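Shown next, in structure tokens, is the structure this report addresses.
Just so you know, all these numbers are worked out from the coordinates, no wet-lab data involved. Please read all numbers here as calculations on a predicted model, not as lab measurements. Here Cβ is always computed from backbone atoms with ideal geometry, including for glycine, and neighbour counts include all displayed protein chains.
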Amino acid sequence: MATTSFPDASPRKKTAAAAVPVRRDPIGAPDGATPEAACTAHVSPRTLAVTAAEPEFARQFSLSADEICGRGLLELLRSPAPGQLREKFTALSSGRCRRFRERVTGRDGEGRNFPAEVTAIAVGQPTGEIVGLVVFLRRAEEAADGGPVLSALDAQVLEGVASGESTVQLASRLYLSRQGIEYRVGQMLRRFDAPNRPALVARAHALGMFATGQWPPRVLPERVR
């Protein structure tokens, strides 16, 4: 009598999938998290004291990388709403948010204030425990009179927005993608604290970014780096 064989139905051991390592930068921030032209520090989530810093971060405050360790971050940075800045760090440290961005003011060793933008990111364990905070500091560039300075490309984008060009028109003229235009406009909206494009243009006019009596609008040469 012919016998029929059946596939082995016994349970098989599952092979654990190998964990895919996540590359991190030298102080532990995930790839792609670093804002352009930013310097970096590690901060304790419990005390908000600096535990490690790049030399460039420390130089912003006229300190060495060793000297800045142990300093309270909120002693180095000021905000128009100090309580709100502390609350954002508290939310980050407790895991209630993963990152935030805020405009701040720093003070160097000679007592001079400088405007900057800080981006803070929580670093957590798989269990959800927050083990550190990574802080990126990007110093805002200013003209001699204290006004903002733009890159040549951002100046062209701002001129186009001021003259009424759409994202598609700007992308075609400047040989950029639509996403690239939207990214640059978004950066300027945050930098000029404007909710939309008309407000961005109005804010730029108020700050003296454009040459007077000229159409199409042109950003002043001293406002371009």
* **Rg over Rh [alpha-carbon atoms, Kirkwood Rh] for region 39-139** => 0.95
* Asked: Sorted by mean Cβ packing within 10 Å, highest first, what order do the peptides 184-192, 210-218, 92-100 take?
  -> 184-192, 92-100, 210-218
* **Two-decimal ratio, region 152-223, of alpha-carbon radius of gyration to 2.2 N^0.38 Å** => 1.01
